[in-house]
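Chemist: Please read through the structure below; I'll follow up with questions.
The values are calculated or read from the model by the stated rules, or taken from the named source; none is laboratory data. Bear in mind that the values here come from a model prediction, so they are computed numbers and not experimental data. As a convention, Cβ positions derive from the backbone with ideal geometry for all residues, glycine included, and neighbour counts pool all protein chains shown.
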Amino acid sequence: MKHKIAPSLLSADFLHLKEEIELINDSEADWLHFDIMDGVFVPNISFGFPILEAVGPILKKPMDVHLMIVEPEKFIKTVAETGAYMMNVHYEASPHLHRTIAAIKETGMMAGVTLNPHTPVYLLEDIIHDVDMVLLMSVNPGFGGQHFIEHSVEKTARLKDMITRKGLHTLIEVDGGVNMETAGRLLTAGADILVAGNFIFKSHNPQQTIRDLKAL
């Protein structure tokens, strides 16, 4: 499978949100990534479900929704009603992860589980069979524009080894500090989807930047 690129809406210009969505629609981006933060699980507040509801009707790319919130299971139905394709919940925020993953899938969405930088991949041994994707955070979640955490490359390789060893096809997504240099190393290690925020939206030509990332 050719790797996918998922620009992160967190880095978009919200004064010109419609134009930013049209830019993504006209680009080679595969998904659009939405980071929803509650100021509790992470030390920041981003945007809420009204943004997903507003964007959904004009967005032509699948919505990849990442909930950086406590008790994400309370909002499964809400996310599904926005038309989201993928819903990601944090391992660290989901004490009943198996139940939550099952509930996400019952709505027809794909189910992903996210790991913070300090959370080891071996903790997924008993849930990896049930998830469609694992999102590895390569920065500490909460803010855009952070520096890439170097051990994320090795962590990606360990996760890929687990997936291969079990004969699965679980996707690996990586978010944080993605640029042309880190993207190449992550793809070599086994990443399938790369999330990029500032690197795309703050570039001189976002569509060309997406094209360059796709060409790796």
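Chemist: When you go through (1) surrounded by 14 or more Cβ atoms within 10 Å (Cβ to Cβ); (2) in contact with a helix residue (DSSP H, G or I) (Cβ under 9 Å, 6 or more places away or on another chain) one by one for Lys2, which number turns out not to apply?
Modeler: (1)
Chemist: In the range 111-124, what count of residues is obtained for those that are crowded, with 18+ Cβ neighbours inside 10 Å and closer than 15 Å to Leu67 by Cα? Step through it out loud before you land on a result.
Modeler: As a first pass, look at the range 111-124 and keep what is crowded, with 18+ Cβ neighbours inside 10 Å: 111-115, 121, 124.
Next cut, closer than 15 Å to Leu67 by Cα only: 111-115.
Adding up the residues that qualify gives 5.
Chemist: Can you give me the number of residues within the range 191-211 that are free of Cβ contacts under 8 Å to residues at least 40 places away in the same chain and exposed (fewer than 15 other Cβ atoms within 10 Å of the Cβ)?
Modeler: Going residue by residue through the range 191-211, those that are free of Cβ contacts under 8 Å to residues at least 40 places away in the same chain are 199, 203-205, 208-209.
Right, trim to exposed (fewer than 15 other Cβ atoms within 10 Å of the Cβ) and you get 204-205, 208.
Number of matching residues: 3.
Chemist: Any chance the range 176-188 includes a residue that's within 22 Å of Ala84 (Cα to Cα) and either in contact with a helix residue (DSSP H, G or I) (Cβ under 9 Å, 6 or more places away or on another chain) or without any contact (Cβ under 8 Å) to a residue 40 or more places away in the chain (or both)?
Modeler: Yes, some residue in the range 176-188 is within 22 Å of Ala84 (Cα to Cα) and either in contact with a helix residue (DSSP H, G or I) (Cβ under 9 Å, 6 or more places away or on another chain) or without any contact (Cβ under 8 Å) to a residue 40 or more places away in the chain (or both).
Chemist: Could you tell me which residue of the range 1-22 is farthest from Gln207 (Cα to Cα), considering only residues that are aliphatic (A, V, I, L, M) and in a loop (DSSP other than H, G, I, E, B)?
Modeler: Here is the first cut: in the range 1-22, the residues aliphatic (A, V, I, L, M) are 1, 5-6, 9-10, 12, 15, 17, 21.
Then keep just the ones that are in a loop (DSSP other than H, G, I, E, B); that gives 1, 12.
Working: Met1: 22, Ala12: 13 Å.
Only one residue tops the list, namely Met1.
Chemist: I need the full set of residues from the range 23-58 which are of a type in the set (A, V, I, L, M, F, W, C), part of a helix (DSSP H, G or I) and either in contact with a Ser or Thr (Cβ under 9 Å, 6 or more places away or on another chain) or touching a residue at least 40 places away in the same chain (Cβ under 8 Å) (or both), in order please. Talk me through it step by step, then tell me what you get.
Modeler: Taking the range 23-58 first, the residues of a type in the set (A, V, I, L, M, F, W, C) are 23-24, 29, 31-32, 34, 36-37, 40-42, 45, 47, 49, 51-52, 54-55, 58.
If we keep only those that are part of a helix (DSSP H, G or I) as well, we get 23-24, 49, 51-52, 54-55.
Leu23, Phe49, Ile51, Leu52, Val55, listed by residue number.
Chemist: Turning to a different aspect of this structure: Take the residues of the range 11-44 that are small (Gly, Ala, Ser) and closer than 19 Å to Gln146 by Cα: which is farthest from the chain's Cα centre (by Cα)? Before the answer, list the steps.
Modeler: Start the filter on the range 11-44 by keeping residues that are small (Gly, Ala, Ser), which leaves 11-12, 27, 29, 39.
The next check asks that each one be closer than 19 Å to Gln146 by Cα; those that pass are 11-12, 39.
Numbers: Ser11: 14, Ala12: 15, Gly39: 18 Å.
Residue satisfying both the conditions and the ranking: Gly39.
Chemist: Could you tell me which of the residues Glu20, Glu53, Glu28 is farther than 19 Å from Gly112 by Cβ, modelled with pLDDT of 95 or more, among the charged types (D, E, K, R) and buried (at least 19 other Cβ atoms within 10 Å of the Cβ)? It would help to see each step written out before you state the result.
Modeler: Values: Glu53 fails: buried (at least 19 other Cβ atoms within 10 Å of the Cβ); Glu28 fails: buried (at least 19 other Cβ atoms within 10 Å of the Cβ).
That would be Glu20, the only listed residue that is farther than 19 Å from Gly112 by Cβ, modelled with pLDDT of 95 or more, among the charged types (D, E, K, R) and buried (at least 19 other Cβ atoms within 10 Å of the Cβ).
Chemist: Could you count how many residues in the range 131-157 are crowded, with 16+ Cβ neighbours inside 10 Å and of a type in the set (D, E, K, R)?
Modeler: Number of matching residues: 2.
Chemist: How many of the residues in the range 71-80 are surrounded by fewer than 16 Cβ atoms within 10 Å (Cβ to Cβ) and in contact (Cβ under 8 Å) with a residue 24 or more places away in the chain? Talk me through it step by step, then tell me what you get.
Modeler: Applying the first criterion (surrounded by fewer than 16 Cβ atoms within 10 Å (Cβ to Cβ)) to the range 71-80 yields 71, 74, 77-78.
Checking the rest, the ones that are also in contact (Cβ under 8 Å) with a residue 24 or more places away in the chain come to 77-78.
The number of residues fulfilling the criteria is 2.
Chemist: Which residue out of Gly184, Gly197 is more than 18 Å from Gly112 (Cα to Cα) and within 14 Å of the chain's Cα centre (by Cα)? Don't jump to the end; show me each part of the working.
Modeler: Details: Gly184 fails: within 14 Å of the chain's Cα centre (by Cα).
Testing whether each residue is more than 18 Å from Gly112 (Cα to Cα) and within 14 Å of the chain's Cα centre (by Cα) leaves just Gly197.
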